[in-house]
Amino acid sequence: MKPPPFDYHAPTSIEQALAVLAEVGAHGKVLAGGQSLIPLLNMRLAAPDHLVDINRVAGLDAVEAEPGGVRVGALARHAAVERSAAVRSAQPLIGQALRLVAHPVIRNRGTVVGSLVHADPSAELPAVLALLGGSVRLARVDTERDVAAEDFFVGPLESATEPGELAVSAFFPALGRRTGTAFVEVARRHGDFAMAGVAALVGLDDEGAVMSARVACISVGPAPVVVDVSAQAPDWKAAARAVQDRIEPEGDIHATADYRRHLTGVLAERALTQAAADA
Amino acid sequence: MPDLHEISLIVNGVVREVTVPARRLLSDCLRHDLGLTGTHVGCEHGVCGACTILLDGEPARSCLTLAVTAAGHEITTVEGLAGDDGPSAVQRAFRECHGLQCGFCTPGFLCTATALLRENPAPTDEEVVEGLSGNLCRCTGYQNIVKSVHRAAELLAEES
Ligand SMILES: Cc1cc2nc3c(=O)[nH]c(=O)nc-3n(C[C@H](O)[C@H](O)[C@H](O)COP(=O)(O)OP(=O)(O)OC[C@H]3O[C@@H](n4cnc5c(N)ncnc54)[C@H](O)[C@@H]3O)c2cc1C
Ligand code: FES
Ligand code: FES
């Protein structure tokens, strides 16, 4: 298992990176942490002609508080984001999700933005971005655009990132007042991709009544499935049934479709209960 | 023939110059180009942990890292763990507690545990298990490996 041959580019600035990406277009791929792309290369499931390694690009690893949230740069590794005080104070759901992403050693190299662009339907971070209504900033030569999470995750392993574009950062909105979050999942082994998982966000009003409740489900559709269950709140059993009706799980060697639907119901109730208690 | 890249890696404290194609995995570069066969290769897709090395002091999968990406960086392999006066505390603890049988997984466990104890000199059981969760062993059973890490923590505390 060895990667197929490719031309290697190692830009040291964003400008250089964008220039190379423009030149190689659809024949190129960005290499960030490599924790998803290199397995694909090793297994020959991907064979780009050009690899644009962004690991030497200066200024891409920032994790910064911004008004209303936190911005995570393209080279911020999972482990660094997990440790970031700015992230912890702005949005605890990111840390709750990162603890479930692979193993500590993988988190030393893998990047948050890479995980978003990779858009694995079983990945935790896309669900976080979708649930919070965050966005990804995509740059190409001379221009930039922000794509909202709902438009960013197009399908399994497919994001809105186009050839020639570099995802430079992602923006995660901060936690609102009297709002709680939770992320729960079931995997065969700790650190594996989940058979099912649910992130929840519950907001209370001044009297402590539930104002809004939403979940995002992983591994049960082509992209994270966001379901608003404010109407069912605070009957979390009814909310779980509404979630089960909305998902479209598929069976595979890890779990049947029925089992994933069952798990998602149980996890939705659990996540909503935890998030409400946390609000 | 794709382009070759002349890179230098600082491996176990020694600058090593090597010429590799861009697609050369760091694991293969260490084993084949530099002759450091202590780093083992099991799955080559990040799951088993046998190939774990320290990249700038932090554990990383050498099978998921290109040698060209690591150019200029410091790498520690299992060959670099021992000091001038013999095996490191982590290595001695694995020997003492029977933390290995066939030894295939051991270089990865040793590198991972070395970094774990550097960051957290007195880990709880749970922290050890979480820290080692990305390494698979097919024969020892994990009990003795966990025991070895606790023993290494003791040895390090005694020696500091
Ligand atoms: C054993 C193992 C277990 C794992 N378990 C989980 C898990 O449970 N949950 C989970 O979410 N993930 C898991 N992962 C994946 C891990 O989180 C990856 O780090 C992550 O998905 C991709 O980030 P990366 O930086 O490594 O991206 P890379 O592998 O470098 O890239 C992934 C893809 O995104 C593109 N890309 C990356 N960055 C950019 C950018 N800035 N702009 C444009 N395109 C870009 C690449 O071209 C490539 O197509 C696991 C990985 C391994 C090896
Ligand atoms: S060989 Fe690298 S993780 Fe298995
Ligand atoms: S000692 Fe044989 S695989 Fe771990």
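The values are calculated or read from the model by the stated rules, or taken from the named source; none is laboratory data. Because the structure is predicted, anything quoted here is derived from the model rather than measured. FYI the Cβ positions are ideal-geometry reconstructions off the backbone, even for glycines, and counts take in every protein chain you see. The area values use the complete protein model at the heavy-atom level, side chains included, leaving out ligands, DNA and RNA. Shrake-Rupley method; radii C 1.70, N 1.55, O 1.52, S 1.80 Å.
Quick notes
- Selection of the stretch A:138-156 for residues being of a type in the set (Asp, Glu) and in a strand (DSSP E or B) yields A:Glu144, A:Asp146.
- Of all residues in the stretch B:59-72, exactly one satisfies the criterion of being open to solvent by 10 Å² or more (accessible area, probe 1.4 Å) and either under 23 Å from A:Phe193 (Cα atoms) or within 16 Å of ligand 3 (Cβ to nearest atom) (or both), namely B:Pro59.
- Output for the stretch B:32-58, where each listed residue is touching a Pro at 6+ places or on another chain (Cβ under 9 Å), open to solvent by less than 10 Å² (accessible area, probe 1.4 Å) and among the hydrophobic types (A, V, I, L, M, F, W, C): B:Ala50, B:Cys51, B:Ile53
- Matching helices (runs of 4 or more DSSP H) fully within the stretch B:72-160 where at least 1 residues are within 16 Å of ligand 1 (Cβ to nearest atom) and not assigned by TED's automatic domain parsing to the domain that holds B:Gly46: B:106-119, B:125-132
- Condition check for A:Gly114: open to solvent by 20 Å² or more (accessible area, probe 1.4 Å), small (Gly, Ala, Ser) and away from ligand 2 (no atom under 16 Å from the Cβ): yes
- Helices (runs of 4 or more DSSP H) wholly inside the stretch A:73-117 that include at least 3 residues being within 15 Å of the chain's Cα centre (by Cα) and within 14 Å of chain B (Cβ to nearest Cβ): A:78-83
- Residue check, B:His40 assigned to a loop (DSSP other than H, G, I, E, B), within 13 Å of ligand 2 (Cβ to nearest atom) and without any contact (Cβ under 8 Å) to a residue 24 or more places away in the chain: no
- Pairs are defined by a Cβ separation below 8 Å, a sequence spacing of at least 6 or placement on different chains, a first member in the stretch B:61-77 that is on the phi > 0 side of the Ramachandran plot, and a second member that is assigned to a loop (DSSP other than H, G, I, E, B) and not basic (Lys, Arg); no pair meets this definition.
- Any hit, the stretch A:65-79, residues being among the acidic types (Asp, Glu) and modelled with pLDDT of 95 or more: no
- Checking each residue in the stretch B:58-71 for being at the interface with chain A (Cβ under 10 Å from one of its Cβ atoms) and in a loop (DSSP other than H, G, I, E, B) picks out B:Thr65, B:Val68, B:Thr69, B:Ala70, B:Ala71.
- Of residues in the stretch A:54-72 being open to solvent by less than 10 Å² (accessible area, probe 1.4 Å) and away from chain B (no Cβ under 14 Å), the one farthest from ligand 2 (Cβ to nearest atom): A:Gly69
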